[in-house]
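Any read-out appearing in this document is the output of simple, stated calculations on the displayed coordinates, not a laboratory observation. Given the structure is predicted, the values throughout are model-derived calculations rather than measurements. Heads up, the Cβs are rebuilt from the backbone with ideal geometry, glycines too, and the neighbour counts pull from every protein chain shown.
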């Protein structure tokens, strides 16, 4: 396990978001990124909860709470042995969860190597 302070972990998330191409990054809409220690009862690095962009109807999508992307810091750090490994896993997890926001499912992410 490689422990990363909370503020550094959040910096790694910001760095990961910056690696997403600008045209895609600017299309991310109404999403909050949250950091928690663990997913209770589930072995997850991250979780997307919300309505993917591909399922939003402009006529019925207003006044809703933001979608959530949760990254599980302890779960990520537990499988890493260096900050570089944490950085890489945070990036992979951020891209995976943002892809869900864009409506890309787990099967396609596996095909693309992002699962």
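Each row is one residue, and each column tells you yes or no for (1) touching a strand residue (DSSP E or B) at 6+ places or on another chain (Cβ under 8 Å); (2) over 18 Å from residue 104 (Cα atoms).
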position: 11; (1), (2): no, yes
position: 20; (1), (2): no, no
position: 23; (1), (2): no, no
position: 51; (1), (2): yes, no
position: 72; (1), (2): yes, yes
(message) Can you list the helices (runs of 4 or more DSSP H) lying wholly within segment 6-110 that have 3 or more residues being surrounded by 14 or more Cβ atoms within 10 Å (Cβ to Cβ) and in contact (Cβ under 8 Å) with a residue 12 or more places away in the chain?
(response) 6-18, 73-78, 83-101
